[in-house]
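Below is one structure, written out as structure tokens; the observations come after it.
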Amino acid sequence: MAAPSAFPTPLVMRLLAASVSVSYKAGNIIRDILKTGDLGIIEKGKNDLQTEADRAAQRCIVATLHKQFPKVAIFGEESLDPTEKIPDDYIVKDLDPGVLSHPCPEGYKDVTDDQVVIWVDPLDGTAEFTQGLLDHVTVLIGVAVNGEARGGVIYQPYYNYEAGPDADLGRCIWGLVGLGSFGFIPGTPPADKNLITTTRSHSDWIITEAVNSCEPTDIIRVGGAGHKVLLLLEGKVHAYVFASKGCKKWDTCAPEAVLHAIGGRLTDILGNPILYHANVQRQNAGGVLATLQKHQWYVDKIPQEIKDNFVSDKPSEEMLEKKRLLASMKFQSGDAGSSVDPPEFSQGDYSKASKCSDKTKL
Ligand code: AMP
Ligand code: MG
Ligand code: MG
């Protein structure tokens, strides 16, 4: 038997490795449920569906991560009965060796359970899933450290589904800020165009106005926050513009981390960071704006009259305290700080941010 390593694998790397492994299982569960032909659709609210695939994938992901990391806070999109029996084979025990083969970036080595929050969207793009637009569907597992999106898994269960019945389905994209993103071929969008992606199934006039103000040459309306960020990663669009409060933390945490890890940005439409600490409001009440390049250009293009309808996230007291501490340390030592610094709060009136929802879901 090999001797135990003197340096145990840091929490963030184990969390990501477990998240990658369980995302494959969640993808299998989603595909199996679709094959039964009975999606068990429930209407959670206006234009907001849930299927048995959403429910089962969340049970699998949350139960697995909770079993392996019992002290870490995990928030899943779906409200489920916590007493429900989880099938034994839903608990994935593996840690993905591909993730573990990477060195842990310095800034994460000492991260502890209480600094981490996991945001789970077991099936992003449910409306499109029920309509057979299968490549719009993703499984999203985001790892937030000190309230910032740092690690993410985007599993696309129907990648390749149009290639015919014998094609291998599914792919897993993951990333960690400071390490990079893996599982896709990065691309650059055409320089002579301005391709903007936005919602397909939740549109309204303000969303359309915001997109139009960014001077698109083409508008690509597709489902899912995960899928839209995949379009950015692969260079198929220049920006994802969503002037709506409809997206939640589980929609953006994983995509933001994966995008950020290759140098892109995902913020609210005011250009402020979206925050992911445990008691933040679940809604992205500032909307969503994601780009690989020229982020500020898009922020500036969105008219103030539109921005006035949106509210940025409010940092937690701990985040503000950490920031004050860091600022005083920098002042004393000229230190550039680590890769898990709390975010900059550049603008916006945080006092207007709505109270966070007390509907904690597990
Ligand atoms: P979309 O781009 O419309 O596919 O939305 C991305 C994610 O945000 C999906 O998980 C949607 O369910 C969610 N979402 C966006 N707008 C709304 C809304 N008005 N009501 C409920 N969920 C929404
Ligand atoms: Mg979603
Ligand atoms: Mg969902």
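List of remarks:
- With a cut-off of 9 Å between beta carbons, the residues surrounding Asp251 carry a summed charge of -1, where Lys and Arg count +1 and Asp and Glu -1.
- Mean silhouette area of the range 175-241, derived from the convex hull of its C-alpha atoms and averaged over all directions, reads 5.1 nm².
- Inter-centroid distance (Cα atoms) of the range 42-56 relative to the range 246-316, Å: 25 Å
- Mean separation of Cα pairs under 8 Å and 6 or more residues apart, divided by the residue count, gives the range 50-93 a relative contact order of 54 percent.
- Considering the chain at the alpha-carbon level, its Rg and Dmax are found to be 19.7, 65 Å.
- The mean of 1/r over all distinct Cα pairs in the range 1-65, once inverted, gives the Kirkwood hydrodynamic radius of 14.1 Å.
- Spread over its residues, the convex hull of the C-alpha atoms of the range 213-268 is 89 Å³ per residue.
- Here's the picture: charge each Lys and Arg Cβ at +1 and each Asp and Glu Cβ at -1 in the range 15-112, and of Leu15, Tyr90, Ala53 the one pushed furthest to the positive end of that dipole is Leu15.
- Using the average count of surrounding beta-carbon atoms within 10 Å as a protection proxy, the listed peptides 102-113, 36-47 rank, highest first, as 102-113, 36-47.
- Using a cutoff of 8 angstrom between alpha carbon atoms and counting only pairs six or more residues apart, the relative contact order for the chain works out to 16 percent.
- The eigenvalues of the Cα gyration tensor, multiplied by 5 and square-rooted, give the range 28-149 an equivalent ellipsoid with semi-axes of 28, 16, 15 Å from largest to smallest.
- Peptides 281-290, 90-99 ranked from most to least packed by the mean count of surrounding Cβ atoms within 10 Å: 281-290, 90-99.
- Highest average packing first - 239-247, 306-314, Cβ atoms within 10 Å: 239-247, 306-314
Every read-out reported here was derived from the displayed coordinates using simple, explicitly stated rules and does not represent laboratory data. This one's a predicted model, so the numbers in the text were calculated from it and none came from an experiment. All Cβ positions, even for glycine, are placed from backbone atoms using ideal geometry, and neighbour counts span all protein chains on display.
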